[in-house]
1. Can you give the Kirkwood hydrodynamic radius for region C:5-180, in Å, rounded to one decimal and based on Cα pairs?
2. Quick query: amide H of residue C:74 versus all other amide H atoms, modeled in the peptide plane; which residues come in under 5 Å with a sequence gap of 5 or more or a different chain?
3. Can you pull a Stokes-Einstein diffusion coefficient for region C:242-353 at 25 °C (0.890 mPa s), Rh from Kirkwood over Cα pairs, as a whole number of µm²/s?
4. Once a ≥ b ≥ c are taken as the square roots of the eigenvalues of the Cα gyration tensor of region A:2-183, is the result rounded (a/c under 1.5), prolate (a/b larger than b/c) or oblate (a/b not larger than b/c)?
5. Taking amide H positions as placed in the peptide plane 1.01 Å from N, state which residues far from residue B:140 in sequence (5 or more) or on other chains have amide H under 5 Å from it.
6. Got a sec? Charge dipole of chain C, +1 on Cβ for Lys and Arg, -1 for Asp and Glu; which of C:9, C:210, C:341 is way out at the positive end?
7. Given H placed on each backbone N at 1.01 Å, which residues far from residue C:305 in sequence or on other chains put an amide H within less than 5 Å of it?
8. How many nm separate the modelled label positions at residue B:9 and residue C:201, each set 7 Å beyond the Cα in the direction of the Cβ?
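Bear in mind that the values in this text are calculations on the coordinates, not laboratory data. What you are looking at is a predicted structure, and each value in this text was computed from that prediction instead of being measured. Here the Cβ is made from the backbone with ideal geometry for all residues, glycine too, and neighbour counts use every protein chain on show.
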Amino acid sequence: MNHDVYMAGFGGQGILLIGNLLAYATILEGNQASYFPAYGVEKRGGAATCTIVMSDKSVGSPVVGEPEAALLLNPLSMEKYYSHVRSGGFALINSSLIDDDGSRRTDIKRLLIPANEMALAIGDSRLVNMIVLGAYVEYSKVVSVDSLKEALKEVLPERNHRFLPMNHQALEAGAEFCRQAFAS
Amino acid sequence: MTTTEMKKVFSRPDSLKDVQTHYCPGCQHGTIHRLVADALDYFGIKDQTIGVASVGCSVFLYGYFDIDVIEAPHGRAPAVATGAKRVHPNRPVFTYQGDGDLAAIGTSEIIHTANRGEKLTVIFVNNTTYGMTGGQMAPTSLPGQKTSTSPEGRDVNTDGYPIRMAELLSGLEGTAYSVRVAVDTPKHVLQAGKAIRKAFKTQLDGQGFAFVEVLATCPTNWGMDPLKANERIAEEMIPCFPLGVYKDATE
Amino acid sequence: MTKRLFVKGNEAVAMGALEAGCRYYFGYPITPQSDIPEYISREMPKLGGQFIQAESEVASINMLLGASASGARAMTSSSSPGISLKQEGISYMAGSECPGLIVNICRSGPGLGGIDASQADYFQSVKGGGHGGYHIIVLAPDSVQEMYDMAMLAFDLSDRYRVPAMILADAVIGQMKEGLTPHSYVAPDDLEVKDWALIGDGKAGEQKVVKSLYLGDGELEAHNNHLHAKYAVMQVKEVRYEGVELDDAELVVTAYGSTARIAKTAVRLAREQGMKVGLLRPITLFPFPKAAFKEHTSAGQKVLCFELNNGQMVEDVRLSVPRTDVSFYGRAPGAGSLPTPEEFLDQIRTHYEA
């Protein structure tokens with residue numbers, strides 16, 4: 001197993017949280033992972049980005065130039081990073097905020113997911129990140145949704161554990177959306 | 001029948017080695033060393049004490065005191081002493097610094113060490129000049145004082161004013177005891193001895209940072225004979241650096 | 001089985017230091033290493049240790065000197081501009097043979113520079129950053145696990161030789177999170193009691209002095225020769241490096257720390273494309289693995305050195321193997337983005353085919 005994913009959005013969309021979660025879940029499953037948040041100049045302008053590299057052997061570079069997958073949550077991220085996705089790779093695009101007709105890239109798989117609307121439907125606009133992460137792991141199978149749930153319990157402080165059911169629902173909704181999309 | 005016994009009234013403190021110092025004739029480091037050694041003897045702490053030597057004429061502290069010594073970089077003795085004291089909170093730790101060391105390059109360290117209330121004793125020898133490097137202007141040089149780097153005399157408009165450390169440090173909460181003394185007369189020597197002893201007691205009682213500024217001569221760099229230099233203490237230095245207790249929070 | 005943790009490199013180095021028995025930390029905040037004092041300020045009191053946020057880098061390195069001279073395992077941490085301020089104290093520690101740990105989570109310079117990852121402090125670290133012609137031990141971890149492990153190793157080496165030790169990393173290694181398997185510290189058998197340290201133990205007539213001033217005739221020369229004799233021993237006994245696929249390598253890639261991680265992927269990609277490429281990663285930057293470079297270039301292999309600077313370690317590589325073809329590819333500090341494995345792979349291909 002050797003996977004990497006780049007995640008980008010604006011600050012407050014919970015990018016760094018799901019990055020942590022994915023890497024931690026990978027480690028809980030007995031594999032190796034690095035979580036590397038963008039640092040320095042790239043951090044300017046309120047952007048939040050991180051790279052997760054996962055492997056069943058030791059992880060090499062925590063930095064990836066052409067990621068296998070990208071989770072793009074806002075238009076600026078789309079603008080900056082969409083073109084970097086590796087040919088044959090996968091882009092998960094938050095269609096609530098990003099317009100893309102698919103003509104820009106024909107060499108990758110795309111999934112448009114209306115994450116903001118889905119989050120509001122579950123009851124909290126902050127669940128956008130979990131929906132997207134759920135969809136990504138359903139597509140990539142890098143970890144199970146159960147491992148994510150397990151990791152979330154450890155990543156979230158005890159006092160926020162009352163939000164766990166809602167987050168679980170969001171992960172599953174994202175996964176379900178992905179299943180449906182690729183089934184049809 | 002009467003016997004006449006000779007009573008020994010003066011002897012070398014145990015805390016000092018039986019060696020000749022390298023200090024110039026009329027220099028008062030020797031007197032101040034003696035007073036510090038008396039205090040160590042008085043409290044019986046010679047073998048527990050850690051001294052921190054600074055850069056300047058007193059760098060050879062370990063050559064004269066029979067105690068453990070760390071040699072600190074220029075101005076940094078209070079920081080080095082802080083490290084030592086934190087490791088050995090039950091050992092007496094003192095620094096012995098000159099005016100260039102403490103009041104110029106080491107200003108930051110002395111202020112913050114005092115402000116943290118480190119349980120240390122600081123002996124500060126103010127002789128208004130850089131002795132070891134050959135008599136350059138110090139932050140404590142008096143207005144108009146001629147030195148090798150103020151050949152026309154210290155001009156307060158361009159060189160600033162003599163800095164009064166005992167007063168300055170007395171304004172900090174962490175300072176438990178701050179005093180200025182001199183060793184130019186027998187009476188002053190007695191007072192200085194008491195002040196140094198109290199500064200160690202302050203530390204031993206865990207009451208906070210204790211600071212003793214001692215006005216001292218530097219006949220060589222002042223271009224004076226020892227007597228004249230000693231007179232300068234009362235005539236010129238004390239008017240600028242008044243003796244007294246500036247803070248005593250040890251009650 | 002010990003539970004694997006998921007922590008930042010900065011936290012891991014702090015955890016390793018505490019596990020190694022470090023109970024005194026002195027430092028001053030600076031990005032990107034502030035996680036270290038933050039972690040230690042939280043954890044040290046639980047262990048009965050002391051944490052001081054000093055008034056300056058200058059004060060903190062001197063507190064370290066004082067604590068070290070008093071026999072304790074103690075540390076400081078900072079980033080490049082702060083490490084520059086500490087150089088005075090490091091020189092005094094080297095001169096007065098005080099062990100201790102200095103962590104440099106290097107940022108880009110010169111001057112205030114920027115906060116992005118950089119390897120531009122290599123020269124300062126390995127050539128004796130302060131005055132007087134000394135060396136310190138320099139370790140370059142390339143993972144979160146190594147940050148933890150090398151904190152322990154740094155204390156052991158530092159105590160063994162009475163030479164200050166530095167862990168040199170950057171924001172990639174410091175800010176990255178990875179799995180960490182903590183383990184108990186076991187002191188090496190050969191570590192001697194610090195009978196030179198000042199402990200205020202009341203033994204009359206056995207004065208102990210920790211100093212670096214030697215004015216007697218020939219004293220300082222003898223002292224310096226003594227220091228350099230220790231460096232020579234370390235050069236024989238303490239060199240550490242990692243070799244990846246070196247056996248049949250025709251091109252030896254070399255890099256340390258963060259750059260080595262990026263290079264590892266580049267080397268794997270090159271192998272997948274049929275290029276006989278290996279990686280030689282110096283772990284001890286001082287002492288430098290000269291002999292390893294000799295060994296792995298003895299059949300005429302070429303060397304390609306990657307660094308996040310304009311070329312520093314490459315000079316030590318060239319000094320190690322003066323007759324070898326050594327090329328360099330680097331990024332100037334402040335490039336704004338990090339080099340990628342793909343970028344390194346292009347360089348590997350160019351030099352491999354050349």
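1. 15.3 Å
2. C:101
3. 180 µm²/s
4. Note, shape of region A:2-183 comes out rounded.
5. B:163
6. C:9
7. Here C:254, C:327, C:328, C:329 satisfy the definition.
8. Placing both labels 7 Å beyond Cα along the Cβ direction yields 4.3 nm.
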